[in-house]
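The values are calculated or read from the model by the stated rules, or taken from the named source; none is laboratory data. The structure displayed is predicted, hence computed values, not measured ones. Cβ placement follows ideal geometry from the backbone for every residue including glycine, while neighbour counts extend to all protein chains displayed. Accessible surface areas use protein heavy atoms only, side chains included; no ligands, DNA or RNA. Shrake-Rupley method; radii C 1.70, N 1.55, O 1.52, S 1.80 Å.
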Amino acid sequence: MSHYGSCEIAPIQSLVGQMGRRWVMGVISQLEDGHFYLEDLTASVEIDLSKAKVTTGFLSENTIVVAEGEMLVNGIYQVITCGFPPLEERDKSLKSLAQHDFFGGGTLTKEETLRLAELEKRSLNDMFVILSDIWVDSEEAMGKLETVLDGFESQEVVPSLFVFMGNFCSHPCNLSFHSFSSLRSQFGKLGQMIGAHQRLKEHSRFMFIPGPEDAGPSTALPRCPLPKYLTEELQKHIPNAIFASNPCRVKFYTQEIVFFRHDLLYRMRRSCLMPPSTEETDDPFEHLVATITHQSHLCPLPLIVQPIIWNYDHCLHLYPSPHTIVLGDKSEQKAFKYTGITCFNPGSFSNDSTFVAYRPCTQEVELSAL
């Protein structure tokens, strides 16, 4: 239902022998080279997108779409308009799924939730500092990081959380990379540098999220935390450091914040089947945010482009929609509030000296740079 009235979604199987316009919903897949199909639980039909009018977002293989069109005599479904399924608001999702714990921290009683909401209102000074691409093997990057830490050390209230996202090395840690022992000692130096800032060490938490080119068993998502071998030295200096997976979720009182470090914008644009609509916006980051929120998935790319560990695909789900999504990407720094969800990219610290100071209480994003 919408203010245009209502439309009925037909199963793809029922399109056979039907004339006139029909609405269908399915996933776009390439069942034969160069031929795209729309697939639902009943059947699949070849589609022609050449005349389609699309809504905001990147239309790629593996995305779920709602399409209006008609069957042609040759058995191809001619798409007239096409867009992503409407987004369900977080409150609606939670109401219909009461008592289900999607976060994984245990279900809370109504009293506990109200108490957390009360505490959240009082935590106006809480601030998260998020930096992406911290190359521990680059003296320039480490010098810039020291400047940032010095700045926050001298503030009246220190940030409650520092989030350091990968990549942590200026070269990809692939099979041709052989300097793991020096990388380990460089992580140790990073630990020493943080440890030298006494107030930050005592009052702030530090979280490390691996990047797409960091050391790990494979490039498939979700990625496990940084290997212990690399982080042991660092942990001696900061015992309460958190080594998280990628993506990872943080609960701030009642709010849910998702952190994801992946060069998603470049890859989504490469996998796009047709240019996105410029009617509402021509900013690629806004198109990316619209895509992942409507797909309720952090990485709606074809599996050939980005493999996903099937048993852990639920880690990439964005349902019920979180309050904040932090997309660490090497593209330029951006912030965008979409349908009540705050999304931002802190930018690449080692390349552009950009980072973000985020106040979760007011959902205020301060785009910062040295």
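Observations, loosely collected:
- In segment 277-312, of all residues being without any contact (Cβ under 8 Å) to a residue 60 or more places away in the chain, part of a helix (DSSP H, G or I) and open to solvent by 30 Å² or more (accessible area, probe 1.4 Å), the one that is nearest to Asp133 (Cα to Cα) corresponds to Pro284.
- Any hit, segment 344-359, residues being farther than 24 Å from Ala141 by Cβ, open to solvent by less than 60 Å² (accessible area, probe 1.4 Å) and either touching a Phe, Trp or Tyr at 6+ places or on another chain (Cβ under 7 Å) or in a strand (DSSP E or B) (or both): no
- Residue in segment 187-197 that is aromatic (Phe, Trp, Tyr) and part of a helix (DSSP H, G or I) present: yes
- For Phe58: the one exception among (1) open to solvent by 40 Å² or more (accessible area, probe 1.4 Å); (2) among the hydrophobic types (A, V, I, L, M, F, W, C); (3) not in a strand (DSSP E or B): (1)
- Residue among Gly166, Gly216 that is modelled with pLDDT under 95 and within 18 Å of the chain's Cα centre (by Cα): Gly166
- Residue that is touching a residue at least 12 places away in the same chain (Cβ under 8 Å), surrounded by 12 or more Cβ atoms within 10 Å (Cβ to Cβ), farther than 20 Å from Glu88 by Cα and small (Gly, Ala, Ser), where the choices are Ala10, Ala67: Ala10
- Within the option set Cys224, Cys248, being within 30 Å of Ile304 (Cα to Cα) and buried (at least 17 other Cβ atoms within 10 Å of the Cβ) holds for one residue only, Cys248.
- Of all residues making up segment 163-181, the number that are open to solvent by 50 Å² or more (accessible area, probe 1.4 Å) and either outside any loop (DSSP other than H, G, I, E, B) or among the basic types (Lys, Arg) (or both): 2
- Residue check for Glu332: within 24 Å of Asn351 (Cα to Cα), touching a strand residue (DSSP E or B) at 6+ places or on another chain (Cβ under 9 Å), part of a loop (DSSP other than H, G, I, E, B) and not hydroxyl-bearing (Ser, Thr, Tyr): yes
- Residue in segment 188-219 that is surrounded by the most Cβ atoms within 10 Å (Cβ to Cβ), counting only those that are within 30 Å of Tyr266 (Cβ to Cβ) and in contact with a strand residue (DSSP E or B) (Cβ under 6 Å, 6 or more places away or on another chain): Ile209
- Matching residues, segment 110-147, being among the hydrophobic types (A, V, I, L, M, F, W, C), more than 30 Å from Pro172 (Cβ to Cβ) and open to solvent by less than 40 Å² (accessible area, probe 1.4 Å): Leu116, Ala117, Met127
- Against the test of being under 29 Å from the mean Cα position of the chain (by Cα) and either aromatic (Phe, Trp, Tyr) or closer than 24 Å to Arg270 by Cβ (or both), the options Leu87, Leu59 yield a single qualifying residue, Leu59.
- Filter result for Phe102 (open to solvent by 40 Å² or more (accessible area, probe 1.4 Å) and farther than 21 Å from Cys361 by Cβ): yes
- Taking the conditions (1) part of a loop (DSSP other than H, G, I, E, B); (2) within 26 Å of Ile238 (Cβ to Cβ); (3) under 20 Å from the mean Cα position of the chain (by Cα); (4) modelled with pLDDT of 95 or more in turn, Gly104 satisfies each one other than (4).
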